[in-house]
């Protein structure tokens, strides 16, 4: 699974739109829900692909569980 988007590459006022791609390379089941847990992100540049990020999710906690709710 993968997706692409046009994003500004370079972080400056004269940055150009370039193709940004994320590839999901592995899936894992957390609490009965299968999600992509490994991915890599790269910029598609004329000089070649620039690998920007390798990501792995190793633990997933329930976001809306009682223990995560803080009330002041």
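Derivation of every value follows stated rules applied to the coordinates shown; laboratory data play no part. All of these numbers come straight from a predicted model, not from anything done at the bench. Note: ideal-geometry Cβ built from the backbone for every residue, glycine included; neighbour counts use all protein chains shown.
Arrange 3, 30 by Cβ neighbour counts within 10 Å, fewest through most, would you? Provide the component values of the computation, followed by the final result.
Values: 3 9, 30 14.
Listed from fewest to most nearby Cβ atoms, that is 3, 30.
What shape does the chain have by the C-alpha gyration tensor, where a ≥ b ≥ c are the square roots of the eigenvalues, rounded means a/c under 1.5, and otherwise prolate means a/b greater than b/c and oblate the rest?
Note, shape of the chain comes out oblate.
If packing is taken as the average count of other Cβ atoms within 10 Å, what order do 39-50, 9-20 fall into, highest mean first?
Working: 39-50: 12.6, 9-20: 10.9.
Taking the mean over residues of other Cβ atoms within 10 Å, the ranking is 39-50, 9-20.
Can you sort 25, 1 so the residue with the fewest Cβ neighbours within 10 Å comes first?
Details: 25 15, 1 9.
Fewest-to-most ranking of 25, 1: 1, 25.
Explain nothing, just the number: relative contact order of the chain, from Cα pairs under 8 Å at least 6 residues apart, as a whole percent. Show your work: numbers first, answer last.
Values: 112 pairs, mean separation 14.8, N = 72.
Over the chain, the number comes to 21 percent.
Under the 0.36 nm per residue contour assumption, what length would be gained going from the current alpha-carbon distance of residue 24 and residue 12 to full extension? All intermediate terms of the calculation are to be shown ahead of the outcome.
Numbers: separation 12, 0.36 × 12 = 4.32 nm, distance 2.85 nm.
Fully extending the segment from residue 24 to residue 12 adds 1.5 nm.
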